[in-house]
Each structure stands twice: as C-alpha cells, then as structure tokens.
There are 2 protein chains.
Amino acid sequence: MNANGTPQKTLALFDSTLRDGAQAEGISFSVPDKLKIVEALDGLGVRYIEAGNPGSNPKDLDFFQQVAHIQLKHAKLTGFGSTRRRDINVEDDKNVASLLQANTPAVAIFGKSWDFHVTEILRTTLDENLAMIRDTLAFFKTKGKEVIFDAEHYFDGYKNNPEYALQTLEAAVEGGDTVLCLCDTNGGAFPDEIAAATKLVVETIAKKHGVEVGIHCHNDGGMAVANTIVAVEAGAVHVQGTLNGLGERCGNANLCTIIPNLQAKRGYQCILPEKMADLAPTAAYAAEIANIKLNDRDPYVGKSAFAHKGGMHIDGVNKASSSFEHVDPALVGNERRFLMSEVSGRATILSKIQRVMPSVTKDSPETESIIGRLKELEHMGYQFEGAESSFKLLVHKHLGKYKPFFELIHFKIIGEQPRKNGTSSTAMIKLAVDGKEEITAADGDGPVHALDRALRKALEVFYPELKQVHLTDYKVRVLETRSATASKVRVLIESTDGEEAWTTVGVSNDIIEASWIALVDSMEHKLLKELEKKMRVFM
Amino acid sequence: MNANGTPQKTLALFDSTLRDGAQAEGISFSVPDKLKIVEALDGLGVRYIEAGNPGSNPKDLDFFQQVAHIQLKHAKLTGFGSTRRRDINVEDDKNVASLLQANTPAVAIFGKSWDFHVTEILRTTLDENLAMIRDTLAFFKTKGKEVIFDAEHYFDGYKNNPEYALQTLEAAVEGGDTVLCLCDTNGGAFPDEIAAATKLVVETIAKKHGVEVGIHCHNDGGMAVANTIVAVEAGAVHVQGTLNGLGERCGNANLCTIIPNLQAKRGYQCILPEKMADLAPTAAYAAEIANIKLNDRDPYVGKSAFAHKGGMHIDGVNKASSSFEHVDPALVGNERRFLMSEVSGRATILSKIQRVMPSVTKDSPETESIIGRLKELEHMGYQFEGAESSFKLLVHKHLGKYKPFFELIHFKIIGEQPRKNGTSSTAMIKLAVDGKEEITAADGDGPVHALDRALRKALEVFYPELKQVHLTDYKVRVLETRSATASKVRVLIESTDGEEAWTTVGVSNDIIEASWIALVDSMEHKLLKELEKKMRVFM
C-alpha cells in the first residue's frame, strides 16, 4: 500500500540521458562515458536505458557493439529511432535497418501525433503517417522486440485534433503489445492538460488493448516534473526522463527529482529501494561524466538542496529537522549543511575522519585541526567528495603519522611552438629521497604529461613499485571564470595499480601546480599503501 | 477574456528576490545591488517588491532609507517580518518596531500555521500563537499599512491539523483587510494538495471576509512553478516568487517562468504587457547583479531555452517555428539558436555558413570543403555550438577571403616550482606583422595566463584596438580520459570588448596549444570585426 492507501505500483522507469540528454547544449558523450552511465543506471535498477539513435548518429553503432559485452542486471537497453520514411517499405528504410542492427531487446519508435507536423513538417498525408506508424511498430514486433511508441507532440496534437491523435495511438497498438508513451515534446503543456489527456488514453485505448501508458515531458514551461507526476496519478506507469534533467532546450523531466517524489512520498516503486541513497552520488557522477556543474539548487541532489542559511531555519532544523526539510537528506544520499553556522557539518566531517582513522573522536586534539584545515581547503575550491585518497593523506598529515616520501628540489617545464620533433613540452625535475638526489627530464604532449613522466622517472629509481601505477583519468574544472585564464582550476586524477583505483585532487590558479599536487598525492597514495602492507607483515 | 474563455484577471505579483532570494546560498546583495533590482522590478510593473527583513538584518534599514528617494511607478515596497514574540505586547517587540521604522506602504508578516511548529519550534501554546498573529496584523493595520499574512508551512499545517491551520487564517483577517498568502515553506507539496487546500480557503474564509488569497511556493520537490499555477487556477490572485527562482535551499518559485506561463498562455495579467520582452534581459541583469551564472536551461529566459540541436528539430523549426517551440522566443526577449553537432543536419550547417557569407549556396564549391573540414574538426574533438566566432573564422579561411593578422615565429613558456617571486610561469613570444617583428615576454599564474599576456602585449604594438578586449571565461574539457595527462583537451574562451561577447575554441593533446588556438581566434575575431567596420565605411 502506498501513502494514499492505494495498492503500491511499480513504475517502469525509462532513462534517456544518453539519447535525449545528449541533445542538450554542450553535452557530447564519448563511448566510454556512455558505458559508465549505463552501468550506473543499471545499478540503480532503472528498467529501460535509451542509449542512442543509431540511424541519425553512426557513432552510436560502435557504442551498441561495445555495450553488448556488459552484463546488465536490471535494465534493458533500448535503441531509439523514427517511424519509416514516407512512401517506402519499412524493410527498405536504412534508419530502421540501423536500429535493428543495434540489436537491443527494446526499441522506442517516435512518430507524429500532431496533424500539423504530419502535413507541414513531414509533408505527407494523415493516412500515410498512420501507415508509417503501423508498419514500423509491427516490423519491430515481428522481430521480437519490446516496443515503445513515443507519440511525439501528443498533447499539442490532442489539443489541435483529438480524433487524429487518438488514431495514431490505435495505429501503434496494432500488431501487438506496445507502450503508448505520450510526449510533451515542446514542453509547454500545463498539468491540467496532461492529467486530462493521459486519463482519457488510460481509460480508453490502453484499457481496450491492455497496454501500458507512458509519459515523456520536457521542461520548457518549468513544469516537467509536476506534469510527469500528474500523468502517473492519472494512470501512466511508464516514466521517461533523464539524470539531472539533461535534454534539448530546457531539458527533460529530471529523474533525480521524480524518483524520490514518487517513491518516497507517494509509495510508487521506481528504483531498487536500497539504492535510493545512491541517488545524489549518481547525479554527481553523471554530471562529472557530462562535464557539467550539477545545479546547486537541484531538488534532492543539489549541493544546496538541504543547505540552511536563514537563522530561524537553522534554529528550527536543530530542534526538529522536519521543520524546514521536506525529507531527510540521508534518504537520497545528500547531506544537511548550515551555511551561517560554525557547527556546519561537524558530525559529517568527523564521521569521514573516522573512516580513515577509527580511533579519532570528537574530542581528539587532531579533530579541530583537521576540520580547520579542511574548511580552509574547501574555501580554496577543494572538494574531497570524489577524491578520497587526497582526504586520507590529509588526515595522515595531521595525525603526525606522515613522513613525505620525497622532497622536491625544483622542476621546470618548457612548452613551445612551433613544436620541436613533434613534442611541445619538456620537463626537468630534481628531487631527493633520504638525502639522495636524482635529476632527470622527460618530454610529452603538453606540460602536465611531460611533468608526470619526469616525476615517475625520478621516483622509480627509489620506488620501483610505482612502475605498476598508471593514470587512467585526468579532469580539469575551471572554478571561477571571472579572471579567465588566471582562473582557479581543480584537477582530479584517477590512478590505478591494477589492484585498485584511486582519485586525488589539486587546486591552484596554475593548472601545472594543481596537476602537480594531484600527481604527488597519487604517487604517495600508492607508496603509503605499500608501506601499510609491509607494516602489517611485521606486526 | 483569457484563453479559457473566463474573464481576464489581473494578478498581484509579489517579488521576493531581495528577501527570500537573498537567503540563497552564495547570494549577498549590497545596498546599490538592491536599488538596481528594485528599479528593474518596478519597470516590469510588479505590484509588490519585498525588499528586506529589517528586524533580522540591520543592514536592511539603511537600504529602506535610501530606497525612499526612488519614485516607484508601479510597485509598492514591502517590508518583511515575523509576528511578535510570545508573551509580550506587540508594541514592545523590537522586530515589529524595526519593520515599522522601515516605513514601507505594505508589510508581509509571517506566522505559524503548522501546530507542530508552534509547539516544537516556537515552544508556545496554540492559543498564544493565534494571539501573536492577531495582535501583530491588527497593529500594522492600525498604522495604515497594506498587510499580507504569510501563513508559513500552511500546506504542511493543513495536512497535520486542518482546523488549526484555518484558525490561523481567521486570526489574520481580524481587524481588517489582509491578503492570506499560503506558503509551502518546505517546498515538498504536490499539485493536488496545493489545489485542494487553496480552493478551500478561497471558497470559505476568503469569500466570507472578502479578502484575497496568495501563494508562495518553494522548489524542494521541483514543482514550485506548477504548484503556483494550480493555486492560481484554484483562485489565488496574489503570486509570490523570485527572479530566476533564487531562494533558500532549492529556491523559490521562479517568476521568470511563472509570468510568461500565466500571461502568455492563460491570459492573466502579471506584468505590463509591453514589458514582456524585457523578461529575458531582466533575468540576465538580475543574475549579473547577484553574481551568479543564469542557468542555461532555465525556461523562457535561459541561453538554451530556444537552442535546437537535434537535426530533425532544426529541420522542423526551419519549416515552422511552432513545430518545436512552445512560444516565440521574441515574446520574452530571448532568441532562437541552432547548435552544430554530430546530430545536426546539413541544412543547419549551410544556414550557418550563409549567416557568415550569404552568397554561399548548397551547390557552391566551398560548401563541400567547409562541411568536410568541419566534420574533420568535430572528429578531432572540436565543438562549434558555443563557439560561433571560431566557426566564422573557419568559413572565412575557406572562402579565400582571409589573410592572417600576424605570423607566429615562436613562443616558449617556462613553468617552475618552487615559484620565483610568486609567479609560476613566464612566456616569451616572437611574432611578425607585415614583416615587422616584435619579441616580448610576460609572466602570470600558470602557463596560459602568461601566454595570454605576452600575446596581447606583442599584438597591441600593431593593433591598439586589442586593448579593449578582455577574456571573461575560460573552460577546459578533457575529451578522452584513457591517456590521462596526455588526453585531448578542448578549451573554450569567452571574450568581450565591452560591445559584444564572443567565444572561440581550440583542441589539442597539449592544453597550452589548445589555449593558444582559442586565444588567437579570439584576437582575430576582434581584428576581423574592426576590419569589416572600416570596409563598410569605405563602401
């Protein structure tokens, strides 16, 4: 039973981050990016992952070949494509052929439900459009696919010519089971329009044919989330949206808001209940992969979603958190923050320190100094959420248990144009380990690459175990843009030694310095790990 | 009559950007900031401007003294404050006194409508809370103020104890006219709850006393806009919100979305009809003053709100703009943009080329070579969707109309640690213009900053007009992470000369080289523009 006393319903969640989300301005996913997002979505227990449009984008076929090697636990991969073009046989349509070739268990086929689009954009007859829908969906059904019909512009179409809009749905269900997904493609519909039109389809065509109704909203009127919810309450059971609301123009309905709204407050099941606390980390991860800044004010998952600033609000939350929080932030894996108060997040920080060093308590003398240093670093632009290794090193440094593994004497990097012999940068480095000095040089593609190679080359003389370490990811985020090329940057480096992967962070106005800090942390993480192994052997 | 055939209603728009908006994370308005926003809001024709809380923020009293010198045409300044504290006379409450001292024609008084807040947060009796509301509102009415009662947590209160929530409204209307503004303070309410509770107040208490009902929503459930709209359709005539949805936690209802939704689509009057096209510029202006980046995906006013990327969308909009736009962007002072990417079609690219060079047709010999080069560059990782200026230069280069403004002989950058005299990088550059050579050097925070400064210094010798150019944004995107520090990066640079802003792009494995390409394009954009100006003078 849900909160309203009606029987609990499981909704089929359909994520389109990799298709409609990729149509957002500034978004361009590589194949490895897409594979990572597929795995994250599958982990949450999303039912369908719409991952590309092989007909319009040849790069997507490469992705579908690679993704076939991933064993998904919960989700069905879904290819997206159009109904066949007008006046040809469906077998002769090359986009249809590409979609079939993508070899996904489910396909989402969009077709026109708005008569105006049929005559003015497709420039064909209303009857031919019905045939295009009928033929294309029937074709994929005979191929054994699970079929979703994206009734494009359904609500605009229904407003303009209700009879014809309904006929397009009838054409879609011919020849077998079809999810009838009603799309507010232009994103300008109002909740009352969505509720009435959805209810009618649920109670007529869908009921008659025993098929499910879906909803796909865009946010051009700022109401995509509410429109999705009223559609669900009107009987839609298939819900489309994207992580962080990425999508064409103003974006799609934001699943990171819809999921907790429906699951935590209205008793629907959208994702695995035990994965609800993964929502905020997943939103942050998807933003990181898309290389966008997650909107601080995003409901549930944003950095400010549970940030209290007004004095009376902070006072209220301290007395009873529900006084100014609609849900417990822990429910979605987010945290409460007090912006004006010295006690901000203290308990949270302590619990993080204890993860590295369980013996530390809130009264330990180190606690104060670690928290102080952490605040200082965060103020500078550090963020340790994705960089546990740098945080661990920070704690070690404050517990007096840390001895640097090497001392930098100096480095110098030269970058030049035109390139000489193909390389653009050279780095020289001089460092010392236990009083023994080593000076060396390396070249590379760009200053950081040259520095990375020179540092390893020098350190490997003393620590051969660093030969196992490879950098696997390098990210740069410009933190404040006002000072342009002198802006502060945050560099994240991901490394692996084949056994585990770790991430480190550096911040500076100078990208070389920020990279250097993160590189050194990465090497020291590995060296500390090896040292801890040896100490365990001797204990 | 509005679109639904009911008589047109004028709504009383109540802006709280300067009060609730100021409670957003990272927002801090100075007195001059506040004065500018007051003038912008008055210009739109907003009815009430809630501009501060003199009781909780002494800085606000200074503002109220200064704002008194501004002659407002449309808006009434409104001070915000709490009901009197428990167990004292209203005349003895210093916050009440401060609010009176602010000397605004209207006051918004918030009081508790949720019994839980009365007993657990205020820690007083339900009766005393009613007396606090009654006394405080009556006090301001006797002082001749227009009074708005912000019924804090009305919807949570109504859910928990409907009888008591209604009693708080009854207490507010005693002693004269009061707007009963129902607040979803925690922002978690659903549209059906808002609609039902609002309708009940409209049809009972408000009708009985002949007073108006208002709505104040927060966005914690991502539904503040929709909740506001359903409340209006349930009879609320006073609408509270903020510019760009600024506010505590996830923010308040965004007036930049609500205004066009209600005024353009449902026939309500919110602001002066002739000012609707000022909406997008006002949103941008408010963001500028608040020192935040306006969210690109914000409905109606965001940079991406009418940006089309999918090939079929672009094709559709070219045939009929309403095919993929819910309203005409000009209505709110925004503009349509076609983005270029792998998902956009040939026709878009052609229309872009034609904007730069109207004489080019799809059969021109240059078209093929430009499209070919564009695809090659996109494959390398270039993205021109936000970098119109680099695209324009690309077209020029292919039309044989381009002559480089300077020739690079060489540059050399040195980055080093430890820093020397605080700077970490030095750049030397040698270049030639029409056979005349110039060599110079500069230092900076990081290699790109040093290079940027050296390049300008050398070029300004020949082109003094470059002195007007400033870089305003610098973005770095790592494109493929597999090769870590040798990864390909894309750099976007935004520049301005005070007249216009432009963006350029560079891609390379070397961040210095990628920055160099974008820097050179930025300088050449300005130089080309000046050249075109001169040519127009001579023609």
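Here are a few things to note about the model shown:
- 5 Å binning of all Cα-Cα separations within the stretch B:215-309, expressed as whole percents from 0 upward: 3, 13, 24, 25, 21, 11, 3, 0
- Cα centre as origin, Lys/Arg/Asp/Glu Cβ charges: the protein assembly as shown dipole, Debye: 1440 debye
- Over the protein assembly as shown - Rg/Rh using Cα atoms and the Kirkwood inverse-distance radius: 0.97
- Diffusion constant of the stretch B:416-539 at 37 °C, which comes from Stokes-Einstein with the Kirkwood Cα-pair radius and 0.692 mPa s, µm²/s: 208 µm²/s
- Whether chain B is rounded, prolate or oblate, judged on the alpha carbon gyration tensor where a/c under 1.5 counts as rounded: prolate
- Apportionment of accessible area to carbon and sulfur, chain B, percent (1.4 Å): 51 percent
- For the chain pair B and A, the interface hides roughly 9300 square angstrom of accessible area in total, found with a 1.4 Å probe.
- Think of each Lys and Arg Cβ as +1 and each Asp and Glu Cβ as -1; about the Cα centre, that makes the dipole of chain B roughly 1360 debye.
- Placing a label point 7 Å from Cα along the Cα-to-Cβ direction at residue A:435 gives distances to the equivalent points in the other copies of 6.5 nm, listed shortest first.
- Calculated FRET value between residue A:39 and residue A:479, using beta carbons and R₀ = 22 Å, to 0.05: 0.20
- Dipole orientation for chain A: of the candidates A:252, A:398, A:185, A:398 has the Cα lying most toward the positive pole (charges on Cβ; Lys, Arg +1; Asp, Glu -1).
- Compactness relative to 2.2 N^0.38 Å, alpha carbon Rg of the stretch B:11-290: 0.93
- Cα-Cα pairs of the stretch A:101-207 separated by more than 21 Å (percent): 32 percent
- Projecting the Cα atoms of B:492, A:451, B:358 onto the charge dipole of the protein assembly as shown, computed from C-beta unit charges around the Cα centre, puts A:451 farthest toward the positive end.
- Complex-versus-alone comparison for the stretch A:90-131, residues with a loss of 20 Å² or more in accessible area, probe 1.4 Å: A:110, A:116, A:117, A:121, A:123
- Between residue B:28 and residue A:379, the simple spin-label model (points 7 angstrom out along Cα→Cβ) gives 1.1 nm.
- Rounded to whole Hz, the Karplus (6.51, -1.76, 1.60) HN-Hα couplings of the stretch B:454-465, x for glycine and proline: 5, 4, 4, 4, 5, 6, 4, 4, 9, 10, x, 4
- Rounded to 5, the percent of DSSP beta bridges in chain B classed as antiparallel: 50 percent
- Nm distances between copies for residue B:354, ranked from closest, using label points 7 Å along Cα→Cβ: 6.8
- Rounded to the nearest 5, the antiparallel percentage of DSSP beta bridges internal to the stretch A:11-290 is 5%.
- The length gained on full extension between residue B:461 and residue B:9, counted as 0.36 nm times the residue separation minus their Cα-Cα distance, comes to 156.4 nm.
- For the protein assembly as shown, the share of DSSP beta bridges that are antiparallel, to the nearest 5, is 50%.
- In nanometers and ordered shortest first, the copy-to-copy spacing of the residue B:293 label point, defined 7 Å from Cα toward Cβ, is 0.5.
- Filtered GluC sites (Glu not before Pro), the stretch B:432-539: DSSP coil and at most 14 other beta carbons within 10 Å: B:499, B:500
- Residues residue B:101 and residue A:432, FRET efficiency given R0 of 56 Å [Cβ-Cβ distance, rounded to 0.05]: 0.25
- Low-density loop cleavage sites - GluC sites (Glu not before Pro) in the stretch B:295-394, where at most 14 other Cβ are within 10 Å (DSSP): B:335
- Average projected area [Cα convex hull, the stretch A:273-343], square nanometres: 5.2 nm²
- If you wrap the Cα atoms of the stretch A:337-478 in a convex hull and average its projected area over all directions, you get 11.5 nm².
- Per residue, the protein assembly as shown exposes 39 Å² of solvent-accessible protein surface, assessed with a 1.4 angstrom probe and all protein chains in place.
- Placing R0 at 35 angstrom, the Cβ-Cβ distance between residue A:470 and residue B:359 gives a FRET efficiency of 0.10 after rounding to 0.05.
- For the residue pairs A:141/A:199; B:403/B:457; A:143/A:207; B:112/B:275; B:430/B:533; A:145/A:208, alpha carbon separations beyond 30 Å are given by B:112/B:275.
- Those trypsin sites (Lys or Arg not before Pro) in the stretch A:136-187 that DSSP places in a loop and that have at most 16 other beta carbons within 10 Å: A:143
The values are calculated or read from the model by the stated rules, or taken from the named source; none is laboratory data. Predicted model, so just to flag it, every value in this text is computed and none were measured. No Cβ is skipped: glycine too gets one built from the backbone with ideal geometry, and neighbour counts run over all protein chains shown. Only protein heavy atoms, including side chains, enter the accessible area calculation; ligands, DNA and RNA are left aside. Shrake-Rupley method; radii C 1.70, N 1.55, O 1.52, S 1.80 Å.
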